[in-house]
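The values are calculated or read from the model by the stated rules, or taken from the named source; none is laboratory data. Since we're looking at a predicted model, the values are computed, not measured. With ideal geometry, Cβ positions are generated from the backbone for all residues, glycine too; neighbour counts draw on all protein chains shown.
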Amino acid sequence: MIDLDATKDRTDAVVDDHAELLLDASHRIHARPELGFAEHHAHDVLTGVLTDAGLDVTTGAYGLDTAFEARAGNGGPTIAVLCEYDALPVIGHACGHNIIATAGAGAAIAAAAVAEELGGTVVALGTPAEEGGGGKILMAAEGAFEGVDAALMVHPAGLDLARIGALAIQQVEVTYHGKAAHAAAAPQAGRNALDAAVLGYLNVATLRQHIRPDERLHGIFTRAGDAANVVPDRTEATWYVRSPTVRGLTKLKDRVLACLEAGAAAAGCTMDHVWIEPAFADMVDNDPMIERYRANLARTGRTLVDPDSMAGIVGSTDMGNVSHIVAAIHPMIAVSPPNVAIHTKDFVRYAGGREGDQAVIDGAKAMAATVVDLWAEPGALEEVQAAFDGARAEGRATGSATI
Ligand SMILES: [Zn+2]
Ligand SMILES: [Zn+2]
């Protein structure tokens, strides 16, 4: 019988031994923000740390230059720890992905230290372009999650939350086509593509009253005409459609499209649209895994809280797509006061500061301990898999990383 507590004390000690390296990596990534698919510096920093720690590292994994895989262990249950490291345009690491990356690397290094004796395999997956681009979805298509039994990561936030409450999302690009005319001399000869876009916008605004309270619709005009004295013959808009489930998203997309097309019809214009791939799925949280993580996070002195349904909506993530093909969790770890939102300048400071550093260490320890549970606690992985199978049977998890 394996002494789980003693094993977790050892994985904690491995994290502590690597703390300086992990925090240095976190600070270096934070100081040099890179956009999705261009995270070459972060990729090199992380693969360097993982290689030095003795993991078997593949750089540029699964067809993406800035993705990586780092493995340890020989067979047995395979648990993936996911690392994100892309930043946002202009404001940099306002989502704190430097913390996700280095907590994930720390967890993988600590789990690797006990992988062989516990008979498990740990895989750190470096997943580019979470903030749009969907690196995890592209990696899934290349087989990154084949043979993976469960996947986990932590994301910084203003609270220690059990789940992210991520919505399924798809973006649509809409173009309206009208007929140009002199706006004063011959308006009767024109068909106004801006009217079409505005009417489409108002239709969606009206639709908002009759959708679920946890669904979200938001759009902007990206092209609205060139001169006020010319009837615009071409306008463009970008819309985001979000729903708590993939099934709900499919239905809502049809209703939004009908609104936008009705705007074109009313203005005597035509409309074409392109749904942007990949769409992000909702997050299907694995409750038995959350409970293990909750107990393990408590070992660091933190208390994981369950968000009430509305307050828990943070946005969308490509980890959602992963959760449709494998048992997964996406807890949030506190690095800032609750009133400081991610994607703000204030959050950048916390992500690179003392609070961010503590989240790297505590997140790494709690995740490594959760991997230990999945490998060595009798029945734990079976319970996790049964919950995932149940989500599949109910259709909450689709079994596909693409929508
Ligand atoms: Zn973000
Ligand atoms: Zn993020």
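Points worth noting:
- Test: residue in the range 258-273 that is surrounded by 19 or more Cβ atoms within 10 Å (Cβ to Cβ) and of a type in the set (S, T, N, Q): no
- Considering residues of the range 64-101 that are under 13 Å from Gly352 (Cβ atoms) and touching a His at 6+ places or on another chain (Cβ under 7 Å) only, the residue farthest from ligand 1 (Cβ to nearest atom): Asn98
- Counted residues, the range 81-100 - those being away from ligand 2 (no atom under 11 Å from the Cβ), among the aliphatic types (A, V, I, L, M), touching a helix residue (DSSP H, G or I) at 6+ places or on another chain (Cβ under 7 Å) and farther than 15 Å from Thr370 by Cβ: 1
- In a residue-by-residue description of the range 350-362, the property of being in contact with a helix residue (DSSP H, G or I) (Cβ under 9 Å, 6 or more places away or on another chain), modelled with pLDDT under 95 and either closer than 25 Å to Thr398 by Cα or small (Gly, Ala, Ser) (or both) applies to no position.
- Residue in the range 380-395 that is basic (Lys, Arg), touching a residue at least 24 places away in the same chain (Cβ under 8 Å) and either more than 16 Å from ligand 1 (Cβ to nearest atom) or out of contact with any helix residue (DSSP H, G or I) (no Cβ under 8 Å at 6 or more places or on another chain) (or both) present: no
- When the residues of the range 317-337 are filtered to those that are part of a loop (DSSP other than H, G, I, E, B) and more than 13 Å from ligand 1 (Cβ to nearest atom), the one that is farthest from Ile137 (Cα to Cα) is Pro337.
- Restricted to strands (runs of 3 or more DSSP E) entirely inside the range 11-99, those with at least 2 residues that are surrounded by 21 or more Cβ atoms within 10 Å (Cβ to Cβ) are 68-72, 78-83.
- When we screen Ala140, Ala105, Ala111, Ala124 for residues that are touching a residue at least 40 places away in the same chain (Cβ under 8 Å), away from ligand 1 (no atom under 16 Å from the Cβ), in contact with a Cys (Cβ under 8 Å, 6 or more places away or on another chain) and assigned to a helix (DSSP H, G or I), the only hit is Ala105.
- Residue count for the range 141-163 under the criterion of being surrounded by 24 or more Cβ atoms within 10 Å (Cβ to Cβ), among the aliphatic types (A, V, I, L, M) and within 14 Å of ligand 2 (Cβ to nearest atom): the result is 3.
- Test: residue in the range 129-140 that is within 13 Å of ligand 2 (Cβ to nearest atom), on the phi < 0 side of the Ramachandran plot and surrounded by fewer than 24 Cβ atoms within 10 Å (Cβ to Cβ): yes
Per-residue answers, yes or no, for (1) assigned to a loop (DSSP other than H, G, I, E, B); (2) over 30 Å from Val335 (Cα atoms); (3) in contact with a strand residue (DSSP E or B) (Cβ under 6 Å, 6 or more places away or on another chain):
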site	(1), (2), (3)
Phe145	yes, no, no
Ile169	no, no, yes
Val172	no, yes, yes
Thr175	no, yes, yes
Ala184	yes, yes, no
Gln188	no, yes, no
Ala197	no, yes, yes
Leu202	no, yes, no
Ala205	no, yes, no
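- Close pairs from the range 197-226: first surrounded by fewer than 12 Cβ atoms within 10 Å (Cβ to Cβ), partner aliphatic (A, V, I, L, M) and modelled with pLDDT under 95, Cβ under 9 Å, at least 6 apart: Pro213/Met310
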